[in-house]
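Written out below as structure tokens is the structure these notes cover.
The values are calculated or read from the model by the stated rules, or taken from the named source; none is laboratory data. What you are looking at is a predicted structure, and each value in this text was computed from that prediction instead of being measured. Glycine gets a Cβ as well: all are built from the backbone with ideal geometry, and neighbour counts include every protein chain shown. Surface areas here come from the heavy atoms of the whole protein model, side chains and all, with no ligands, DNA or RNA. Shrake-Rupley method; radii C 1.70, N 1.55, O 1.52, S 1.80 Å.
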Amino acid sequence: MLFDALPRDPANPIPGVVHLPGFLALGEQEALVAQARELARSVQGTPVAMRRPVLKAGQMQAWMLSLGWYWATQPYRMLTEVDGYPVPPVPENYQALAERILAAAREIDPRVGPTPAVETALVNFYPPGAGMGMHVDAEEESANAVVSLSIGEETVFRIEGPQGNRDLLLMSGDALVFGGPARRARHGVLGAKPGTGPEGTGLKEGRINITMRQMRR
Ligand SMILES: O=C(O)CCC(=O)C(=O)O
């Protein structure tokens, strides 16, 4: 964004979707990046390492680390271990973060629903320019909201609503919730914009997105 000092207000673009710009302070973003890096390093070289999943349509552009449950593709399924290697657990601080975010989101749109018990999380790393195609988060049985955090380079998040697609600019520190009527909405990201990440997150380039989800009903 050209003038990133301009205030950005919370938004409720479609029922059940709440965008909370700048929710995370820079120090919190840096701590989350350091923690995610540590988790990724702890499983490097194992079958539960960060990887670019291969789908029917081809290999994803984003690198993905599964926590709590492992999102396996071809066919899609959720696993608690891969070839005898346990999936790293969801860090304890994620639940408190989800609660803070949902409390703020419910003030704007109560339709986001209850706070998810964070049983699984995905840490996605998008190299500059990388995006993610439109899809539905359908592997979790729970209908509780997905909580999403953005750190690093900006991207455009696209989500299908009752009146067509809505595009939201996600910047470093933004939180996004999609729950209630939007929990199974199709969504994707258009591509991390090179050079737009702020100093001080611990990321030299690219974008990290952390999504927190409840698995079981
Ligand atoms: O990177 C994002 O903001 C969205 C990620 C996403 O859609 C997903 O992990 O299902």
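So the values come out like this:
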{"read-out": "Matching strands (runs of 3 or more DSSP E) fully within the range 123-176 where at least 2 residues are free of Cβ contacts under 8 Å to residues at least 12 places away in the same chain and of a type outside the set (Lys, Arg)", "value": "164-170"}
{"read-out": "Matching residues, the range 138-157, being within 12 Å of the ligand (Cβ to nearest atom), more than 25 Å from Lys204 (Cα to Cα) and either hydroxyl-bearing (Ser, Thr, Tyr) or open to solvent by 20 Å² or more (accessible area, probe 1.4 Å) (or both)", "value": "Ala138, Glu139"}
{"read-out": "Any hit, the range 95-113, residues being in a strand (DSSP E or B) and either more than 11 Å from the ligand (Cβ to nearest atom) or open to solvent by 50 Å² or more (accessible area, probe 1.4 Å) (or both)", "value": "no"}
{"read-out": "Restricting the range 59-74 to residues that are assigned to a loop (DSSP other than H, G, I, E, B) and within 12 Å of the ligand (Cβ to nearest atom), the residue that is farthest from Phe125 (Cα to Cα)", "value": "Met60"}
{"read-out": "Check on Gly195, in contact with a helix residue (DSSP H, G or I) (Cβ under 9 Å, 6 or more places away or on another chain), open to solvent by 20 Å² or more (accessible area, probe 1.4 Å) and either away from the ligand (no atom under 12 Å from the Cβ) or assigned to a loop (DSSP other than H, G, I, E, B) (or both)", "value": "no"}
